[in-house]
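One structure is given here, and the rest of the page talks about it.
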Amino acid sequence: MISAVLLLGNIEFIKRPGYHSDENAYIGNEELIDVIAELLNIRAQQLHQALTMRRTVLRNDTVITRYNVSEAVFNKNAMAKCLYNALFHWIVLRMNQALIKRDTAIRKKGYYIGILDIFGFEDVGAEWNSFEQLCINYANEHLQAYFNQHIFQFEQVCI
């Protein structure tokens with residue numbers, strides 16, 4: 001899954017050469033589509049369509065239009081983020097399941113994954129926290145460490 005997400009980031013979108021009025025996005029490195037589709041266990045044609053075309057469902061009609069290059073890049077990045085987020089949640093779920101013991105007393109108490117940071121304790125397995133929250137906490141920890149390091153260095157110089 002991680003390989004698929006990383007390869008998805010390598011997909012490049014181009015305008016069709018020679019067509020000045022054609023703003024539609026086309027995949028410049030088509031060979032990656034087959035590899036990514038195989039890793040995700042989906043059909044390459046479906047992945048190609050998902051990356052380059054938008055499907056709008058109206059009352060009785062379905063309208064399919066092609067993305068322009070900037071929309072296609074945004075769509076690709078959103079797909080990669082969604083896949084990575086789903087993988088993160090799956091890993092947390094599997095780890096939480098591994099922590100549950102067969103003993104009924106322990107099962108009532110329950111275990112979960114949590115992270116202690118400068119702002120308190122975060123329950124990663126909870127429904128309201130996600131990969132984004134983990135990234136925010138990680139960034140906050142690094143900012144706090146950076147701040148502490150420079151303040152202490154400044155205090156040492158002043159003394």
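The values are calculated or read from the model by the stated rules, or taken from the named source; none is laboratory data. Values in this document were obtained by computation on a predicted structure and should not be read as measured data. Reconstructed Cβ throughout: ideal geometry from the backbone, glycine too, with neighbour counts over all protein chains shown.
Given the criteria surrounded by 12 or more Cβ atoms within 10 Å (Cβ to Cβ) and either at pLDDT below 70 or farther than 23 Å from Ala80 by Cβ (or both), does Asn96 qualify?
yes
Hey, can you tell me all the residues within region 1-29 that are out of contact with any helix residue (DSSP H, G or I) (no Cβ under 8 Å at 6 or more places or on another chain) and surrounded by fewer than 14 Cβ atoms within 10 Å (Cβ to Cβ)?
Leu6, Arg16, Pro17, Gly18, Tyr19, His20, Ser21, Asp22, Gly28, Asn29
Return only the number of the condition from (1) in contact with a Ser or Thr (Cβ under 6 Å, 6 or more places away or on another chain); (2) in a loop (DSSP other than H, G, I, E, B); (3) aliphatic (A, V, I, L, M) that Leu39 does not satisfy.
Failed condition: (2).
Pick from Val73, Val57: which is in contact with a strand residue (DSSP E or B) (Cβ under 9 Å, 6 or more places away or on another chain) and modelled with pLDDT under 90?
Of Val73, Val57, the one residue that is in contact with a strand residue (DSSP E or B) (Cβ under 9 Å, 6 or more places away or on another chain) and modelled with pLDDT under 90 is Val57.
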